[in-house]
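The values are calculated or read from the model by the stated rules, or taken from the named source; none is laboratory data. Note that the coordinates shown come from a computational prediction; the quantities given were computed from them, not determined experimentally. Glycine gets a Cβ as well: all are built from the backbone with ideal geometry, and neighbour counts include every protein chain shown. Just so you know, the surface numbers come from the protein's heavy atoms only, side chains and all, with ligands and any DNA or RNA stripped out. Shrake-Rupley method; radii C 1.70, N 1.55, O 1.52, S 1.80 Å.
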Amino acid sequence: MYHKEKSIQIKNSASALYNNLSVLRIAPRRLTHFTVVHANMVNMVSASWDGLNYTHRQLQSKEPNVATSTSLIMQAAFCVLPSRDLLVVTSQKGIQMYESDGSIMVYWHALDTPETATGSVCPRDIYLSLSHSIGVSSGAILVFDVPSKGSNITLSEVLEEHKESITDMASECSGSQECIANLVTADDGGNLCVWKSGEEFQLLNKIPGFDMSCSSVKLWKGTAVAGYGTGQIRLYEAVTGILHAEINAHARWIYSVDIAPFSGLLLSAAEDSLVRVWHMTITPETNSVEVAHLHNECVTDTQICGAKFCDGDGYAFAVTGYDLSEIIRYIQS
């Protein structure tokens with residue numbers, strides 16, 4: 001179903017972090033941005049779709065009154081808002097927000113020690129303003145208002161439902177306006193919180209995690225898809241918490257899950273060197289979800305730490321592995 005394409009070389013190897021790969025597709029420019037974290041650096045590569053041109057950039061963690069920061073970066077993720085794209089870098093000391101090509105830092109937010117920004121970045125749309133959320137090690141979720149241009153970014157709300165470190169969060173990726181829930185957050189105890197945004201966030205449901213970390217989560221058509229340290233993937237109806245399916249997907253810790261929203265393809269990657277592609281089918285009449293396994297790829301002797309689809313249909317995906325200085329790409333045959 002998929003075959004391996006030419007890999008993209010990066011300046012430094014990937015750190016062993018959950019979801020250590022972010023992808024932003026720029027269709028008008030026929031360009032795709034990739035980011036991978038290494039220690040206190042973000043490796044960024046901009047690749048043309050014809051595979052002929054690559055542009056490299058490195059971003060370093062920042063902290064006040066220090067020329068060269070050694071603060072470890074926990075994640076770099078693209079935040080796609082309705083009228084603006086940002087690259088957000090979270091570290092032990094603070095949160096940096098850049099224009100999507102990494103050229104200009106537009107905002108820096110300091111964190112109180114020993115709090116660390118650990119979770120992923122998640123966009124949301126609030127009326128005429130733009131916002132996105134960032135999780136921290138205390139379990140709090142920071143919500144920022146982001147203007148359509150400029151650097152007048154402000155912290156607008158702090159959500160404190162989680163009691164353990166935030167590991168990941170995701171907004172509704174299908175684009176459907178009918179879904180009640182539009183944000184799901186996960187923590188180190190495996191707990192999921194389901195939210196509805198508005199002038200203020202409203203907690204809709206809390207799904208218990210049984211003390212096993214949820215390392216990666218996605219939200220698609222009202223279904224929360226969560227990957228765990230047990231190697232299992234669970235699919236819940238987000239608003240009610242009903243368990244639709246539980247898949248023994250991997251033999252070791254899952255580091256990343258992703259969804260191609262237009263096709264319903266699900267990507268999972270783990271420490272067992274395997275990347276798996278699944279297909280999800282939702283039947284609204286019976287309120288059921290079916291999952292079928294479609295494809296395997298093995299990256300031999302590699303602890304996979306990031307995997308993302310490169311487009312909304314799942315035509316291609318990319319993979320990173322701990323201590324690898326390349327982004328491995330696969331495309332449908």
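Note on the chain: with a GNM built from Cα contacts shorter than 10 Å, the maximum mean-square fluctuation among Y255, Y18, Y54 falls on Y54. Loop-located trypsin sites (Lys or Arg not before Pro) in the range 1-48 (DSSP state not H, G, I, E or B) with no more than 15 neighbouring Cβ atoms inside 10 Å: K6, K11, R30.
What value in Å³ per residue do you get for the convex hull of the alpha-carbon atoms in the range 64-108? Please report the intermediate quantities before stating the final value.
Values: hull volume 3.4 nm³, N = 45.
Each residue corresponds to 76 Å³ of Cα convex hull volume.
For the range 143-156, 3J(HN,Hα) computed residue by residue from phi via the Karplus equation (6.51, -1.76, 1.60; θ = phi - 60°) reads 10, 10, 8, 10, x, 5, 7, x, 10, 7, 9, 10, 6, 10 Hz, glycine and proline entered as x.
One way to sum up the overall shape of the range 166-231 is the equivalent ellipsoid from its Cα gyration tensor, whose semi-axes run 21, 13, 8 Å, largest first. Across the range 104-109, rounded Karplus estimates of 3J(HN,Hα) from the backbone phi angles (6.51 cos²θ - 1.76 cosθ + 1.60, θ = phi - 60°) give 9, 7, 9, 7, 9, 10 Hz, Gly and Pro being marked x.
Evaluated on the range 187-293, the Kirkwood hydrodynamic radius is 14.1 Å, with distances taken between all distinct Cα atoms.
Remark: the range 154-231 carries 40 Å² of accessible area per residue (probe radius 1.4 Å; ligands, DNA and RNA excluded). Accessible area per residue for the range 5-89 is 45 Å², calculated with a 1.4 Å probe on protein heavy atoms, without ligands, DNA or RNA.
The tail of the calculated P(r) for the range 3-62 beyond 19 Å holds 32 percent of all Cα-Cα pairs.
Every Cα-Cα pair in the range 16-110 was counted, and those over 22 Å apart are 26% of them.
For Y228, nonlocal amide neighbours, meaning residues 5 or more places apart or on other chains whose placed amide H falls under 5 Å from its own, are S215, I254.
Under the criterion of Cα pairs below 8 Å and six or more residues apart, the relative contact order for the chain equals 15 percent. Size of the chain from its Cα atoms: along the principal axes, largest to smallest, the extents are 56, 45, 38 Å. Nonpolar atom fraction for the chain, defined as the carbon and sulfur part of the 1.4 Å probe accessible area, stands at 48 percent.
Under 5 Å between amide hydrogens, built in the peptide plane, is the criterion, and for E5 it picks out R329, Y330, I331 among residues at least 5 positions away or on other chains.
Backbone amide hydrogens, once placed in the peptide plane, bring C310 within less than 5 Å of A316, F317, A318, excluding anything fewer than 5 places away on its chain.
Residues in the range 307-317 carry Karplus couplings, in order, of 8, 9, 5, 9, 7, x, 8, x, 5, 9, 9 Hz; the curve used is 6.51 cos²θ - 1.76 cosθ + 1.60 with θ = phi - 60°, and Gly or Pro positions show x.
For A251, the shell of other residues with beta-carbons less than 11 Å away shows a net charge of -1, using +1 for Lys and Arg and -1 for Asp and Glu.
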